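Written below as structure tokens is the structure these notes are about.
The values are calculated or read from the model by the stated rules, or taken from the named source; none is laboratory data. Just so we're clear, the structure is a prediction, and the values are computed from it rather than from any experiment. Don't worry about glycine lacking a Cβ; one is built from the backbone with ideal geometry, like all the others, and counts go over all protein chains shown.
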Amino acid sequence: MPSLFNELMNWNNWNKDLMAEERRAMPKMNVIESDTDYQLELCVPGLKKEDLSLSVDTDNNLVIEMVQKEEKKEATDASRRYLRHEFDTLQFKQLLSLPDNVKKSLITAKVEHGVLHVTLPKVTEEEKRQQAQTITIQ
């Protein structure tokens, strides 16, 4: 009986379609470290900068969000009216815990050729020494 139900409802294919859609919404990411910064590269083909959002939350996480709306139309003839008109929205949200040595105020990002590039500058050794301070006892 379960196999009949699966065949009638096409449950297995429906579930695979959901998983494929979820994977399609999650961009692949490269993380590169150098002496001066961390670089993130996210694969976001077809997205514009208006579809993406970056922020740092109160828990010191880099929040990367994507919302892309697609419109699917089935009727193209002007003498016809739509009997079916679908809107599809892909969403993605990634939280990345930032290391303590990142200068949050200098984080930059740009979208170029379908790749979101995020630069996370590191605090230099000199800046670390300047942050150290002596506390006067009263």
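Could you check how many residues of the stretch 26-61 are more than 17 Å from L90 (Cβ to Cβ) and touching a strand residue (DSSP E or B) at 6+ places or on another chain (Cβ under 9 Å)? Walk me through it before giving the result.
From the stretch 26-61, those more than 17 Å from L90 (Cβ to Cβ) are 30-41, 54-61; that's our starting set.
From the residues that got through so far, the ones that are touching a strand residue (DSSP E or B) at 6+ places or on another chain (Cβ under 9 Å) too are 30-41, 54-57, 59-61.
Within the stretch 26-61, residues that are more than 17 Å from L90 (Cβ to Cβ) and touching a strand residue (DSSP E or B) at 6+ places or on another chain (Cβ under 9 Å) number 19.
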Top-ranked residue of the stretch 61-80 - restricted to ones that are loosely packed, with under 10 Cβ neighbours inside 10 Å and assigned to a loop (DSSP other than H, G, I, E, B), ranked as modelled with the lowest pLDDT: T76
Failed condition for T58, given (1) modelled with pLDDT under 95; (2) in contact with a Ser or Thr (Cβ under 7 Å, 6 or more places away or on another chain); (3) not acidic (D, E): (2)
Only one of E126, E33 that is on the phi < 0 side of the Ramachandran plot and modelled with pLDDT under 90: E126
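It is to be established whether one or more residues within the stretch 15-30 are within 30 Å of E125 (Cβ to Cβ) and either within 15 Å of the chain's Cα centre (by Cα) or at pLDDT below 55 (or both).
Applying the first criterion (within 30 Å of E125 (Cβ to Cβ)) to the stretch 15-30 yields 29-30.
When the remaining residues are screened for being either within 15 Å of the chain's Cα centre (by Cα) or at pLDDT below 55 (or both), the result is 29-30.
Yes.
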Hits in the stretch 88-138 (condition: touching a strand residue (DSSP E or B) at 6+ places or on another chain (Cβ under 6 Å), exposed (fewer than 10 other Cβ atoms within 10 Å of the Cβ) and more than 24 Å from N60 (Cβ to Cβ)): T89
